[in-house]
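Participant: Shown below is the structure under consideration.
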Amino acid sequence: MKEKSIVLSLQNIKKKYDGLEVLKGISFDVRKGEVVVIIGPSGSGKSTLLRTINGFEKISDGHIFLDGELISNGKNCTEIRKRIGMVFQSYELFPHRNVLNNLILGPTKVLKKEKSKAIKEADVLLQRIGLVEKRLAYPRELSGGQKQRIAIARALIMNPDILLFDEVTASLDPEMVREVLDIMLELAKSGNTMIIVTHEMEFAKAVADRIIFIDHGKIAEESCAKNFFEHPKTKRAQKFLNIFSFAK
Ligand SMILES: Nc1ncnc2c1ncn2[C@@H]1O[C@H](COP(=O)(O)OP(=O)(O)OP(=O)(O)O)[C@@H](O)[C@H]1O
Ligand SMILES: [Mg+2]
């Protein structure tokens, strides 16, 4: 079978904050339609890594390529952000805009689409995430799970090359976690290219084509989900997974 093309390539990414090296040479590729899940202990550098990919953080060394084009040189930041969607733990919706206006802001202002076209696309997405009835609601009128589904739709409407998710269920009540994870599973099944940082191990197992385990700013282990969860190779990953099986 022909291998899918590489969407994102990270080559020896290093990041220092005032002398503290937080990322110590991270390299991996993500192919079209692939779902990569990044797990690792708190403070290991997962969020920093995602933020370097979409240009929120400048890297100290290394190269990042998107569809073969160098994007880590600090040029064309706006252009790059159009092509990389990111969803955060804290939703980051605009509080003074209703759902529809949150969704169409990017397409109309950044992609210069016609408003009527953007509204049509927003309605299709609202249907897909089951929130049509909330199209005129304000963020304060939504539950955490609903806000997060809107934040995902807002990333999707830009039709990005890759979607990055940073612990998007971490601040949700347990009953709302499922509705958000189900949408992400559906996105994975429909062929979206995704990098997901999560502490939800069952979800990681179900959604990941590949697991990357990061410890102290380095890739400590990388394998398919089945191998990682059933036969973790490193002591560090074994210990990490044990904590989760006790917590269940
Ligand atoms: N803006 C910053 N300035 C200085 N140090 C930072 C900054 N952001 C992160 N760090 C440090 O970088 C390291 C990695 O942080 P990061 O947020 O990437 O970890 P993480 O793996 O996402 O952790 P968690 O699972 O708790 O979210 C930590 O030691 C953190 O204190
Ligand atoms: Mg984090």
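Every number here is computed from the coordinates shown, using simple stated rules; none is lab data. These numbers were taken from a predicted model, which means no experiment stands behind them. Don't worry about glycine lacking a Cβ; one is built from the backbone with ideal geometry, like all the others, and counts go over all protein chains shown.
Participant: With labels modelled as points extended 7 Å from the Cα through the Cβ direction, what inter-label distance (nm, one decimal) is found for LYS189 paired with SER143?
Facilitator: Spacing of the two 7 Å Cα→Cβ label points: 2.1 nm.
Participant: Note down the relative contact order for region 1-115 as a percent, whole number, built from C-alpha pairs under 8 angstrom at least six residues apart.
Facilitator: Values: 136 pairs, mean separation 26.8, N = 115.
Worked out over region 1-115, it gives 23 percent.
Participant: With axes computed from alpha carbons, what is the tilt in degrees of helix 235-247 against the longest principal axis of the chain, rounded to the nearest 10 within 0 to 90?
Facilitator: So the helix axis and the longest Cα principal axis differ by about 50 degrees.
Participant: Here is a follow-up. What does the C-alpha gyration tensor say about the overall shape of region 6-247? Classify as rounded when a/c is under 1.5, otherwise prolate if a/b is larger than b/c, or oblate. Show your work: numbers first, answer last.
Facilitator: Numbers: a/c = 1.93, a/b = 1.34, b/c = 1.44.
Oblate.
Participant: Where does the charge balance sit around LYS32 when Lys and Arg score +1, Asp and Glu -1, over other residues with C-beta under 10 Å from its C-beta? Walk me through the numbers on the way to the answer.
Facilitator: Values: positive: LYS4, ARG31; negative: GLU3, GLU34, ASP67, ASP161.
Charge balance in the 10 Å sphere: -2.
Participant: Under a cut-off of 28 Å between alpha-carbon atoms, report the lysines in cross-link reach of LYS117, not counting same-chain residues fewer than 8 places apart.
Facilitator: Answer for LYS117, where 28 Å is the Cα cut-off: LYS32, LYS82, LYS109, LYS134, LYS147, LYS189, listed by chain and number.
Participant: Separation between the ILE6 and GLN127 pseudo-spin-labels, each 7 Å from Cα along Cα→Cβ, expressed in nm?
Facilitator: 3.9
Participant: On a straight-distance basis, which lysines could pair with LYS239 in a cross-link, Cα separation under 28 angstrom, same-chain partners fewer than 8 positions away excluded?
Facilitator: Those lysines meeting the cut-off are LYS14, LYS15, LYS16, LYS24, LYS46, LYS205, LYS218, LYS226, LYS248.
Participant: For the chain, modelled as a GNM with alpha-carbon contacts under 10 angstrom, which of LEU163, LEU23, LEU105 fluctuates the most?
Facilitator: Of LEU163, LEU23, LEU105, the most mobile in the Gaussian network model is LEU105.
Participant: Which residue, PHE165, PHE88, PHE213, has the most motion in a Gaussian network model of the chain that connects Cα atoms within less than 10 Å?
Facilitator: Looking only at PHE165, PHE88, PHE213, the biggest GNM fluctuation is shown by PHE88.
Participant: Only Cα pairs within less than 10 Å get springs; with that Gaussian network setup on the chain, which residue of HIS63, HIS199, HIS231 has the largest fluctuation?
Facilitator: Of the options given, HIS231 has the highest mean-square fluctuation.
Participant: Counting only GluC sites (Glu not before Pro) that are in a DSSP loop and have at most 11 other C-beta atoms within 10 Å, tell me the longest site-free stretch of the chain. Before the final figure, lay out each step's value.
Facilitator: Working: sites that count: GLU3, GLU114.
The reported range is 115-248.
Participant: Describe numerically, in nm with one decimal, the distance between label points set 7 Å from Cα along Cα→Cβ at PHE244 and at SER60.
Facilitator: Once both label points are built, they end up 2.9 nm from each other.
Participant: Within 13 Å, Cβ to Cβ, of SER47, how many net charges do the neighbouring residues add up to if Lys/Arg are +1 and Asp/Glu are -1?
Facilitator: Values: positive: LYS15, LYS46, ARG51; negative: GLU57, ASP166, GLU167.
Computed value for this residue: 0.
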